Amino acid sequence: MNDHLKGLLITFTGVMFILPDSLMVRLIAADGVTIAFWKALLTGSVTGLGLLLWRGPKVFRDTFAPGWRVWAFAATSGIAGTLFVIAVDNTSIANVVFILAATPLVSALFSWIFLREKITRRTAITMAVVPVGIAIIAYGSGETEGASIKGDLIALGLVCVFSVGLTIARSLRPVSMVPAIAPGMLGAAIVLLPFAAPLSVPADDWIWIALHGGFFIVVSTALLAIGPQYIPSAEVALLLLVESVFAPLLAWVVVGENPGKWALLGGAIVIGTLAVSNVIALRRGRRVVIEPPLRG
């Protein structure tokens, strides 16, 4: 198997593991803070233990050697993982994943501001169009059952935090930031504990808690950190759009959560614009390093 095919398979598998993320949040009969606590605790613990067993303590010493920026990245990973759950708890899954799809654009904007990276004309046009789709999604939140402006704003906050983390990771490349996710998530669990009710989860839902934070997120984080090493960033971005397309459909089929016409229209604009932009980038053959996901 050549490296390109290997990268495609690893990345696609990572996307498949992250696809049920929002649905699992919806399936657990507990408040968002409690779900976020268990997700952070399990993801941080399993990731940290796995790295210790696989590569030893040295992996953490090497990762945190650059200093405060790595700790800042760790903090953003914990905050982003928490905000994702809180956003899904407060608005529709479709709204969250469609808004979250805009993360690469905000990340590019932050990289331009803080790292002086150039913004191409393709990216600038994409930045101008995508907010139109997000505005349509927000407009429809007042009419769609289960959607709310509050949740949409939390999702936008998630995009900003996510993008800050990606910008920090870009400034530290080629250092792998995956080991920083473990303390970041464990720190989030400690902060959330006073506000959560960990034992309030119904007995039938513990399986979802365990699978959510202890398996699916851990596996997807690992695969999405490895796969992009072998394929262009545009291909990674296109594969990640699979979640944005199918997560709302999965929720619609499994729990009957109708995304609503406005979310579908706005989402089509966001996803369509990003897809065209990434296809253009792919045809131009541009390659950049992709940082690991922060949602955790």
Among the helices of the chain (complete DSSP H runs), which have Cα atoms covering no less than 18 Å along the helix axis and a Kyte-Doolittle mean of at least 0.5?
3-18, 32-55, 68-90, 121-140, 149-172, 178-192, 233-255, 261-283
Label selected from (1) 37, 24, 17; (2) 26, 26, 17; (3) 44, 31, 13, the criterion being semi-axes √(5λ) of the Cα gyration tensor in Å as computed here:
(2)
Pairs of Cα atoms under 8 Å, at least six residues apart: use those to get the relative contact order of the chain, whole percent.
40 percent
Environment charge at SER141 (Cβ cut-off 14 Å; Lys +1, Arg +1, Asp -1, Glu -1):
-2
Determine, for ASP205, ASP152, ASP62, the number of other Cβ atoms within 10 Å of each Cβ, and report the residues in order from fewest to most.
ASP62, ASP205, ASP152
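For the chain, the longest stretch holding no trypsin sites (Lys or Arg not before Pro) located in a DSSP loop with at most 13 other Cβ atoms within 10 Å is which? Spell out each step's value before the answer.
On the way: sites that count: ARG116, LYS118, ARG284, ARG286, ARG287.
Result for the longest clean stretch: 119-283.
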Would you mind working out the magnitude of the charge dipole of the range 3-283 relative to its Cα centre, with +1 at each Lys and Arg C-beta and -1 at each Asp and Glu C-beta, to the nearest 20 Debye?
1120 debye
Cβ-based charge dipole, the chain, positive-most Cα from ILE86, TRP112, ALA196
TRP112
Value in Å of the Kirkwood radius, where the range 142-296 supplies the Cα pairs that are averaged
18.2 Å
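Tell me the mean residue ellipticity at 222 nm calculated for the chain from its helices only (DSSP H runs of n ≥ 4, each -39500 (n - 2.57), averaged over every residue, nearest 500). Don't jump to the answer; show the numbers that get you there.
Numbers: 14 runs with 219 residues, N = 296.
Value at 222 nm, helices only, nearest 500: -24500 deg cm²/dmol.
Quick note: the coordinates plus some simple rules give every number you see, no bench work behind them. Everything numeric in this text was worked out from a predicted model, so none of it was measured. Reconstructed Cβ throughout: ideal geometry from the backbone, glycine too, with neighbour counts over all protein chains shown.
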